[in-house]
1. Return the residues of the stretch 129-179 that are within 22 Å of VAL307 (Cβ to Cβ), among the small types (Gly, Ala, Ser) and touching a Lys or Arg at 6+ places or on another chain (Cβ under 9 Å); say none if nothing qualifies.
2. Does PRO345 count as surrounded by fewer than 16 Cβ atoms within 10 Å (Cβ to Cβ), in contact (Cβ under 8 Å) with a residue 12 or more places away in the chain and within 60 Å of the chain's Cα centre (by Cα)?
3. Take the stretch 544-563 and flag every residue that is touching a strand residue (DSSP E or B) at 6+ places or on another chain (Cβ under 7 Å) and either surrounded by fewer than 17 Cβ atoms within 10 Å (Cβ to Cβ) or among the small types (Gly, Ala, Ser) (or both).
4. Can you tell which of GLY293, GLY312 is open to solvent by 30 Å² or more (accessible area, probe 1.4 Å), touching a helix residue (DSSP H, G or I) at 6+ places or on another chain (Cβ under 8 Å) and of a type outside the set (Val, Ile, Thr)?
5. Can you pull out the strands (runs of 3 or more DSSP E) entirely within the stretch 549-640 that have at least 2 residues that are of a type in the set (A, V, I, L, M, F, W, C)?
6. Exactly one condition in (1) surrounded by fewer than 15 Cβ atoms within 10 Å (Cβ to Cβ); (2) touching a Pro at 6+ places or on another chain (Cβ under 7 Å); (3) closer than 29 Å to LYS236 by Cβ; (4) of a type outside the set (A, V, I, L, M) is not met by SER144; state its number.
7. When only residues in the stretch 434-447 that are in contact with a Lys or Arg (Cβ under 8 Å, 6 or more places away or on another chain) and outside any loop (DSSP other than H, G, I, E, B) count, which is farthest from ARG537 (Cα to Cα)?
8. Does SER152 satisfy the condition of being polar (S, T, N, Q), outside any loop (DSSP other than H, G, I, E, B) and farther than 14 Å from ALA118 by Cβ?
Amino acid sequence: MANQVLLHFLVPLFCGAISQPIRYSIPEELAKGSSVGNLAQDLGLSVQELPARNLRVSAEDYFSVSAESGDLLVSGRIDREKICGKKSECALEFESVTENPMNIFHVIVTIRDINDNAPHFFGKSIELEICESALPGVKFPLDSARDADVGSNSLKMYTLSPNSHFSLSTKESPDGDKYPELLLEKLLDREHQSSHHLILTAIDGGDPPLSSTTQIWIKVTDANDNAPVFSQDVYKASLRENMPLGTFVLQVTATDQDENVNGEITYAFLNGPASANLVFSLNPNTGAITTNGTLDFEEKSRYMLGVEARDGGVHTAHCNVQIEILDENDNVPEVTFMSFSNQVPEDSVLGTVIALIKVRDKDSGQNGLVTCHIQEELPFKLQPTSKNYYKLVIDRALNREQTSEYNVTITATDRGKPSLSSKTLVTVHITDVNDNAPVFHQASYVVHVAENNPPGASIAQVSASDPDLGSNGQVSYSIIASDLDPKALLSFVSVNQDSGVVFAQRAFDHEQLRSFQLTLQARDQGSPALSANVSMRVLVGDLNDNAPRVLYPTLEPDGSALFDMVPRAAEPGYLVTKVVAVDADSGHNAWLSYHVLQASDPGLFSLGLRTGEVRTARALGDRDSARQRLLVAVRDGGQPPLSATATLHLIFADSLQEVLPDLSDDPLPSDPQSELQFYLVVALALISVLFLLAVILAIALRLRCSSSSAAWGCFQPGLSWKSQPVVPPNCSEGTLPYSYNLCVASHSTTAAGFNFLHVAPEIAPPRDLLCDDPSVVVGGNNENPKTSYDSSPLRQAPPNTDWRFSQAQRPGTSGSQNGDETGTWPNNQFDTEMLQAMILASASEAADGSSTLGGGAGTMGLSARYGPQFTLQHVPDYRQNVYIPGSNATLTNAAGKRDGKAPAGGNGNKKKSGKKEKK
């Protein structure tokens with residue numbers, strides 16, 4: 001059939017291109033949509049692969065590929081004469097391209113000629129003048145007809161209408177064209193017939209043959225015996241293209257043996273292609289042929305010209321001029337992109353094809369051979385694939401962060417001399433992939449934050465950069481680890497995921513948390529996401545927010561203050577005591593200094609600025625008070641500094657006996673603030689007591705009618721109730737804080753009529769060390785059961801000589817110092833009452849075998865105050881010095897009678913206290 005495919009062979013694909021072209025043969029003027037052949041099948045492609053492979057051809061003006069079947073279809077008019085002209089062989093060469101992977105195949109479609117063009121003459125008629133003297137056998141060349149078809153369909157012969165004078169012969173020129181010659185068969189006789197009319201017919205070799213005719217008008221002229229004769233039948237010349245106008249080509253020469261007018265020869269071009277007449281010019285007198293236009297080898301490489309020489313008569317001669325155009329390297333190579341992808345991912349593998357390039361040079365021979373290259377510093381290279389085709393492929397790894405785009409200059413150079421080249425610039429954009437993890441600007445972070453910072457304040461900012469683009473370079477921050485408890489981490493710090501600012505969620509305390517470690521992560525938004533970690537150490541700086549705390553001297557649990565004893569004979573520099581203080585802050589804020597704010601005698605003591613040691617600055621003078629008070633301020637080194645105060649009560653004494661009277665007689669001035677607090681407490685207590693008394697009275701009145709008389713025990717008329725605290729409200733350190741509740745029966749008939757109902761420790765509010773109020777009342781009765789001694793003053797015997805403490809037995813911090821070994825009986829009511837309480841408690845302890853004063857058996861409660869080494873074995877029995885008013889008996893006698901022992905001897909002098917007791 002007409003559309004039969006001439007497929008010679010198909011070899012496997014190598015390097016992305018087929019080694020031999022695929023050939024088809026079709027006739028010209030094939031209708032649009034006609035199938036040339038199944039290109040996909042010839043390429044080894046299945047119909048299912050066509051959409052993905054995107055099979056297409058480069059000759060889109062003539063052919064297209066069916067996407068459904070893979071057939072090569074005619075898409076435009078195929079006119080062989082227009083495409084190939086007079087070439088004997090006509091073929092269309094083009095390329096078919098497939099993608100995924102990209103391959104290129106060469107296709108050659110041979111165009112077969114059909115007899116679609118009839119021969120035609122250039123002129124409508126041919127006019128000849130023949131001298132009547134022309135001899136038979138003279139030939140007259142006639143204008144040839146032209147037939148665009150080739151081969152068997154081209155012009156085959158000429159025929160002449162029947163005539164007795166003329167015959168026709170067909171000649172063939174060197175280039176293969178056939179032209180007719182009119183042959184004179186017999187002499188003409190102008191007088192008989194002056195003109196002749198003939199019909200010339202040109203017939204081609206097609207089936208059926210086509211033909212055309214022209215009229216020949218012959219005019220018989222008078223005789224001119226000799227016709228011009230050319231020196232050559234064919235003239236040949238070679239001429240380079242692009243020669244300037246007026247360039248001499250060659251000169252034709254004809255001679256005529258006639259003379260005068262009949263011998264004058266003129267030259268002219270025969271009727272030929274108009275293009276030739278426009279390109280060349282002929283001098284009619286000399287026969288010189290020169291250029292008259294631009295010669296372009298790529299348009300036409302050879303010209304065939306017919307030249308006629310005419311004498312002054314009617315004789316003519318004809319010759320052919322053949323001009324070969326030589327190629328010059330006048331065309332730069334052309335670069336055409338058959339396929340190009342300007343967006344290339346940076347992770348593309350080596351060898352990835354970016355572009356398919358076709359180069360073309362219109363010149364021929366060495367001038368048409370082209371080589372291509374690009375810059376050496378680029379990560380690409382050109383790979384030749386097949387005839388005039390190159391692939392632009394990736395030769396080295398790409399990195400968008402280093403270079404985001406490349407300007408590729410493709411230089412095409414031919415092999416002419418001199419060579420010509422062209423440059424084509426394309427831009428290859430490298431697209432981003434997430435191949436870079438975020439990078440922190442610091443290897444680690446150390447943040448210093450002052451304590452007591454406001455919650456919500458920013459304390460630091462971490463920053464990481466990611467050179468990727470878009471979401472691949474968008475960084476978010478988070479805290480992923482910490483040395484804090486995970487549950488508590490959110491209450492300490494947080495980080496803004498966009499800015500990396502770290503916020504404190506709470507106020508930090510240097511004393512509780514001095515530092516903590518965080519691990520922060522920066523993560524991009526790529527897929528998959530990449531991340532980086534960095535450590536941050538937060539150091540909580542110290543502020544001076546803690547005042548010094550005095551550890552010594554301190555208040556007792558009952559609120560009373562301590563005092564220190566200083567030997568009267570203390571030398572200058574004697575270490576009296578030491579103020580001990582601590583500060584919870586650190587560094588300079590905890591650097592403590594000690595200063596004396598107030599002192600009874602500023603020059604008597606010195607205070608160590610850094611040690612807090614209180615030393616005597618000089619010896620105690622006779623006029624110096626035995627009791628000294630120092631107000632010490634402890635300041636830290638912060639800015640502003642914080643301070644605390646401590647009050648030191650110092651007493652110059654050599655024994656405890658000297659301490660007690662001194663404390664009672666010369667009270668230290670009380671603190672106004674403490675007194676104000678005391679008064680407020682007393683007022684509140686009075687209000688509470690009044691309220692409780694009202695409630696109790698109301699309840700008592702309601703219960704009086706229903707209660708028995710025994711329920712009121714000590715409140716019967718025969719009983720006397722006394723309840724007084726030992727330590728007055730203004731007594732604190734250095735006393736024995738106890739209270740005694742006594743219920744005395746007025747009708748008791750025995751000397752041992754005391755009933756110790758209750759002994760309870762009292763917690764006195766913090767007061768000055770001075771005590772001046774009597775607080776002990778001991779009630780009793782004499783031998784007369786009807787007589788009450790509730791308001792009688794106590795009478796006490798003078799102490800015996802055993803009432804002495806050795807220096808080692810004296811309580812206090814100065815007990816180790818030497819002092820007076822002689823003891824004296826207390827000479828004021830407070831001291832008397834205190835010793836009475838101690839001795840009565842001792843007597844009860846000896847009688848009952850139990851202790852109610854605290855501190856363990858035989859301690860008189862002193863071990864709780866002065867330490868376990870101070871027990872009753874250091875104290876003589878002074879019960880003999882305690883007597884009961886209205887009786888000659890003493891506690892020693894009563895105890896001796898009970899224990900079966902004789903009373904100890906002593907003097908019978910009785911010493912009054914000189915003060916009335918408070919009832």
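1. SER144, ALA145, SER169, GLY176
2. yes
3. Within the stretch 544-563, ALA547, ARG549, LEU551, TYR552, LEU555, ALA561 meet the criteria.
4. Being open to solvent by 30 Å² or more (accessible area, probe 1.4 Å), touching a helix residue (DSSP H, G or I) at 6+ places or on another chain (Cβ under 8 Å) and of a type outside the set (Val, Ile, Thr) holds for just one of GLY293, GLY312, which is GLY312.
5. It comes to 549-552, 564-566, 575-578, 580-582, 593-599, 605-607, 627-635.
6. (1)
7. Restricting to residues being in contact with a Lys or Arg (Cβ under 8 Å, 6 or more places away or on another chain) and outside any loop (DSSP other than H, G, I, E, B), the top hit is SER444.
8. When the stated conditions are applied, SER152 passes them.
The values are calculated or read from the model by the stated rules, or taken from the named source; none is laboratory data. Note that the structure is predicted; figures quoted are calculated from it, not measured. Cβ: placed from backbone, ideal geometry, glycine included. Neighbour counts: every protein chain shown. Accessible surface is based on the protein model in full, side chains and every heavy atom, while ligands, DNA and RNA are left aside. Shrake-Rupley method; radii C 1.70, N 1.55, O 1.52, S 1.80 Å.
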